[in-house]
Amino acid sequence: MRTFTDLAELVAAKGEHLGYSDWHTVTQESIDKFADATGDHQWIHVDREKAEQGPFGGTIAHGFLTLSLLSAFSPQVWRLEKAPTMAINYGLNRVRFLQPVRSGARVRDGIELADARETKNGMLLTFRHTVEIEGEERDALAAEGLSLIVP
């Protein structure tokens, strides 16, 4: 966990890799719950028997489930000692699902502070996320997440 005293110190880290999250196991239970929450019950995610005969030899996580994990990973990688008034997800740039995450796989996020710029509403930070799959050469996901920090 990388801790920054304040927003200015975080902004000064622009261009730096901030670290990695803990490994997280993507369980079939979490895939099923995500399917229920989104209404996406495609067989490749939830039908274990049919998925075993499919192209991945078992069920895979929804790409958007993998993407949603970024919210859980970020607080494991960095934090501000002096909490801001507000921090909100502002959007995403260039999201790519590079490889499916099989049920039972472990993933983690590597985060880089790619950009920081002041706006009239606060500091807009661009974080480059790379979600790795343990034991795999190819990453699962690459995305830029935008966070608006109001000091």
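For segment 8-106, the set of GluC sites (Glu not before Pro) satisfying both a DSSP loop assignment and a count of at most 15 other C-beta atoms within 10 Å is given as GLU16, GLU81. Magnitude of the charge dipole for the chain, about its Cα centre and with charges confined to Cβ atoms of Lys, Arg (+1) and Asp, Glu (-1), is about 340 debye.
Start at zero, step by 5 Å, and the Cα-Cα distances of the chain spread as 2, 9, 18, 20, 17, 12, 10, 7, 3, 2, 0 percent across the bins. Of all beta bridges that DSSP places with both ends in the chain, some 90 percent have antiparallel geometry. Straight-line reach from LYS82: taking Cα to Cα under 27 Å and skipping same-chain neighbours fewer than 8 places apart, the lysines in range are LYS14, LYS120.
In a DSSP loop and with at most 11 other Cβ atoms within 10 Å, the trypsin sites (Lys or Arg not before Pro) in segment 34-87 are LYS82.
For the chain, the longest principal axis of the C-alpha atoms and the axis of helix 28-38 are separated by about 70°.
Quick note: the coordinates plus some simple rules give every number you see, no bench work behind them. None of the values given here were measured: they were computed from a predicted structure. We place every Cβ from the backbone using ideal geometry, glycine too, and count neighbours over all the protein chains shown.
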